[in-house]
Structure formats: structure tokens, C-alpha cells
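For reference, the structure discussed in these notes is given below.
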Amino acid sequence: GAVVSQHPSWVICKSGTSVKIECRSLDFQATTMFWYRQFPKQSLMLMATSNEGSKATYEQGVEKDKFLINHASLTLSTLTVTSAHPEDSSFYICSAREAEISNQPQHFGDGTRLSIL
Amino acid sequence: AQKITQTQPGMFVQEKEAVTLDCTYDTSDPSYGLFWYKQPSSGEMIFLIYQGSYDQQNATEGRYSLNFQKARKSANLVISASQLGDSAMYFCAMRELPSSGGGADGLTFGKGTHLIIQP
């Protein structure tokens, strides 16, 4: 089945650091990828939709300058948390869909646990 | 208003029993998809089952089946013969497909149900 790889799995860094998270579709091409955020014991919240070759579409309330998304190829999207602060600590998880068909499930990466000290 | 409602924050079920996880949704779009995902403590999201709004039959995947009641806007997940490995968070999610062709394409998730299977 479709595999989505996300790297790194864990990040612990100092406040003020910028952190880049990679999301790769390993055996399929994904024109669209999605970035979600999950706080402990809460649900996944869609942050943005990453479109290959064009600007990402951000959900209301998500700071574009804070969460930079680049989708440079059909298999790679990156999320950069700029000047991260403790309140940015969360579980970030990406997903991709194999085809633009409504019944295709989104395949998720294993997520990145980000801890800002 | 919440688009996906899961009313059971947690459930304890005896091993080998069947379990039903509730999910109701809210949408004005005639075309949409409903998904169930399992999230173990390790964090990964595992796709379980899909139901399309125009599907005539309830979806089934192995031990998982979806009790789709369109008029009630409910899409409950049924797990038959539960196993200890079924213990996890379960999320119901919806993808809306507006007739206009636009709109959000990502999934909207419910708050989840924490299922614990007891031996």
C-alpha cells in the first residue's frame, strides 16, 4: 500500500530555533499533501493544504509566516516552524492522497513530536 | 458547530465482544466521504474504513463495518470480536466535496474515542 514517510520523528530544541519537517510519499506521487497538528489528548486539526508547484492554502487562524510550507516536488512537502516557541510544541503529522478521487483515503506519516524548551 | 461529533470519550470493552463507536456529522454538501482512523499510542494514523455519501451499502473491511444512516447523519464504526490490539484512539473524519468544486479538501476529525479492550 501507499507509504508516507515523515522525518524527523522527534525534535527537541531551544526556543527561537527554526525546525524543518519533511513529508515524503515513497511509492506514489502526491500533488496534494496535508499538514495537521495534534495537541495531547486532542484531535487532529488541519493546518494547511500543500500544493505541488504553488502556494499552500492555510486554514483560518494558522500563521503563514510561522509555518512555512514548501511542496517542491510530487513526492516531498516540508513544513518549517520558524522561530519556534514552547507553545508550538505539538505533534505534527502529514498526509497524502494517491489520487484525486473522493474515496481514496489519506495516508499519514508517522508524525513528528516537537518539543520546544 | 462541530462537523464531526464523537460522543464517547472513552470505552472499556471485554475482549471478543463487539463494540460500536459512535459518529455523527454535519454537512450541507450532498457529496462527502466518511473515514475511520485508528491511532495507537505510538501516534501513527491507520486507515480503517471508508463510506461515501452515495454508497448504497454499508462499508465492511474485515472485522470493521460501518453502520451508515444517512438520514440521521451517523456513521458508526462496528468492530466485531474485539482484540487486545484494538486498544487505541479512534477518529471519525469527513471529507466534503462541494458541488462548486472548491472548498476544503483536508479531513475534518472528531475528538476521538479512546477504546480499551480488557482481557
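The values are calculated or read from the model by the stated rules, or taken from the named source; none is laboratory data. Predicted model only: the values in this text are computed from it and were never measured. No Cβ is skipped: glycine too gets one built from the backbone with ideal geometry, and neighbour counts run over all protein chains shown.
A few notes on this one:
- Residues that are charged (D, E, K, R), under 14 Å from B:Thr24 (Cα atoms) and away from chain A (no Cβ under 14 Å), drawn from the range B:57-101: B:Lys70, B:Arg72, B:Lys73
- Scanning the range B:8-40 for residues that are surrounded by fewer than 16 Cβ atoms within 10 Å (Cβ to Cβ), of a type in the set (Ser, Thr, Tyr) and away from chain A (no Cβ under 11 Å), we see that the one that is farthest from B:Ile117 (Cα to Cα) is B:Ser28.
- The range A:23-58, subset surrounded by fewer than 16 Cβ atoms within 10 Å (Cβ to Cβ) and among the charged types (D, E, K, R), residue nearest to the other protein chains (Cβ to nearest Cβ): A:Lys41
- Inspection of the range B:85-102 identifies at least one residue that is part of a strand (DSSP E or B) and touching a His at 6+ places or on another chain (Cβ under 6 Å).
- Odd one out for A:Leu74, checked against (1) more than 14 Å from chain B (Cβ to nearest Cβ); (2) touching a Gly at 6+ places or on another chain (Cβ under 8 Å); (3) among the hydrophobic types (A, V, I, L, M, F, W, C): (2)
Yes or no, residue by residue, for (1) out of contact with any strand residue (DSSP E or B) (no Cβ under 8 Å at 6 or more places or on another chain); (2) modelled with pLDDT of 90 or more:
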| residue | (1), (2) |
| --- | --- |
| A:Ser25 | no, yes |
| A:Phe28 | no, no |
| A:Phe39 | no, yes |
| A:Lys55 | yes, no |
| A:Lys64 | no, yes |
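- B:Gly43 surrounded by 13 or more Cβ atoms within 10 Å (Cβ to Cβ), more than 24 Å from A:Gln6 (Cβ to Cβ) and either without any contact (Cβ under 8 Å) to a residue 24 or more places away in the chain or of a type in the set (Lys, Arg) (or both): no
- Taking the listed residues A:Leu68, A:Leu79, the one that is assigned to a strand (DSSP E or B), aliphatic (A, V, I, L, M), surrounded by fewer than 23 Cβ atoms within 10 Å (Cβ to Cβ) and more than 13 Å from chain B (Cβ to nearest Cβ) is A:Leu68, with no other qualifying.
- Flag for A:Ser90 being crowded, with 19+ Cβ neighbours inside 10 Å and more than 24 Å from B:Glu96 (Cβ to Cβ): yes
- Residue in the range A:38-54 that is of a type in the set (Lys, Arg) and not in a loop (DSSP other than H, G, I, E, B) present: no
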